[in-house]
Amino acid sequence: MYDKQARHIIEALRSGIPSRAVGQYFSEARPRIMKEISGRLDLICEQGKSNGMVISGKYGEGKTHLLNTVFNLAQSNNMVVSYLSLGKETPMDKLYLVYQKAIRNTYLPKRRQPGFMQELGKISANSPVANEMLLYAAKQLETDKLYYLFRSYLNTEDSDEKFLLQADLEGDFVSNASLKKTYRRIFNQPVKFNINFTKTKYCQDYFAFMSHLFLQMGYHGWVLLVDETELMGRLGKKARQNAYRNMAHFLLPNDRMASVFSIFALSASYVEDVIEGKHEYENLAAVYPDDQEPAKTVLDLLTRAPQLLPLTKEEINGVLCKIQDFHGRAYGWTPGVSVESLLEATQSGGYLLRTKIRAAIEFLDQLYQYGKAGKTVINELGREVFTEDAPLLEELM
C-alpha cells in the first residue's frame, strides 16, 4: 500500500515543477535566510508596517521552492498569501495587471483553492467591518471610487450588479460611468468623485484597500510572493523603469498598505545581463532626469539582493534522506541505500539542485524496479536570455 501524499511529493520533485506540498516537507534547508524571513513576518504581524525583500539565485537552485516554503510559513501565521509569476500577461510596469493576477491567486489560511469572495460575501452592510472599510475608503485612499463601489456592493440586491462589483474588486474594473449609474439606482444619490479613477494611475488604492480588508477580516497580514521577476528584463527600456517604480510600492516601507510583506525572486544573472548589460542607471537618468527615486533605490536593492548559495553537503544529505524516505513510502518499499551511495548517484546530475534531486529519484526508481541502478544522466536547461519585447506600433509613432 503506497502513501498518496508521498507519491505526490516524489512526482512533483521528479517533474521539477515547484509544489507547495514540497515546500511544506522540505523546509529545513537555507536556515539563515528563512530565519530572516520568519523574523520579518513576525514584525509585520506585530507592527503592521509593510515592506519587502528581493532574493536571487541561479536557475534550478531553489528560488521557487523557497517561495513555497514561505507560503506555508505565512499561512501557519494566519496570513493571506498571493502567489504570482511575472511575464508577458503580468508585466510589472502595468500594476493593474499585477493586481488582477495577485487577487486571482490569493489563498486564505488553510484553504487549498484560491479565492476569498465567499468570505467577503458574509460582511453585512452595517457591520463594524463594513463601517471601518467604508470610512477608510472615503478618507485614506487617493481616490474615493472604492467607497462608492464597496458601499454599492454591500447594499445591492441585484445579482448581476453584485457580480460586476465583485469582478471589479478582483481586477476587472468597471467604468466610472457604470459605477455612478449603479450607485444612483441603489441610493438615489449622485456620485461626486474627488478624483476620477483610472487603473493606470490609481491601482495602488486597490492594494491598500485589500490589505486593510484582510486585517479587518481577522487575518494577521498579507504576503505577496512574486516569482520570475527577471522577466522584467524582456520589457522595453521605459517599461523597465516604470516597473522599478512600481516595485517600490512593495519593497520600500510604507504606511499605505497595512501588514503586507512582499518577496520578489530574481535570477542571479539579472544584474550582469540587465542592470549592467543594459545600463539601467544611465537609462533611469535619461527617462526620469528630475525624479529618479524611488526607482534608483529599487535598482540598488536588486543589485544587492542576497543570493541563494548552493546547499552545503550536510543540507544536501538531509534532502536526500528525505527523498529516500518519501520514495519508500510512495511505492511501499524499503530502499536501504546509504546516503553516500545516493550522493554519488547525484554527481551525474550537474551542479543544479533541481537536477541533483531528479538524479536521486531516477537512481531510486531503478533500484525499485530492477534491483540495481546504472549511471543516471539528467540534462540541464540553459540560462535565461533577456531579449526585449518588440516595441508596439504606437510606441514608434
>> Sequence gap at least 6, Cα distance under 8 Å: using those rules, report the relative contact order of the chain to the nearest whole percent.
In response: 26 percent
> Based on the Cα coordinates of region 118-202, what is the per residue volume of their convex hull in Å³?
Replying inline: 95 Å³
> So how tilted is helix 204-216 from the main axis of the chain? Cα-based, degrees 0 to 90, rounded to 10.
Replying inline: 80 degrees
> Residues with amide H under 5 Å of Y288's amide H, sequence separation 5 or more or different chain, H placed in the peptide plane at 1.01 Å from N; which?
Replying inline: none
> Any idea what angle helix 313-331 forms with the longest principal axis of the chain, computed on alpha-carbon atoms, 0 to 90 degrees, nearest 10?
Replying inline: 90 degrees
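How would you rank R111, R32, going from fewest to most other Cβ atoms within 10 Å of each one's own Cβ?
With the sparsest Cβ surroundings first, the list reads R32, R111.
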>> Sort 334-344, 231-241 by the packing proxy (mean of other Cβ within 10 Å over each peptide's residues), most packed first.
In response: 231-241, 334-344
>> What lysines does K162 reach when the alpha-carbon gap must be under 26 Å and sequence neighbours fewer than 8 apart in one chain are set aside?
In response: K101, K122, K139, K145, K180, K181, K192, K199, K201
>> If I fit a long axis through the Cα atoms of helix 31-47 and take the longest principal axis of the Cα atoms of the chain, what angle between them do I get, 0 to 90°, rounded to 10?
In response: 20 degrees
> Using Cα-only point scatterers and the Debye equation, what is log10 of I(q)/I(0) for the chain at each q in 0.08, 0.10, 0.11, 0.14 Å⁻¹, rounded to two decimals?
Replying inline: -0.51, -0.76, -0.88, -1.22
> Packing-wise, with mean Cβ within 10 Å as the measure, how do 206-217, 4-15 rank, highest first?
Replying inline: 206-217, 4-15
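Bear in mind that the values in this text are calculations on the coordinates, not laboratory data. Model, not experiment: these values are computed from the prediction. For neighbour counting, all protein chains shown are included, and Cβ atoms are generated from backbone atoms with ideal geometry for every residue, glycine included.
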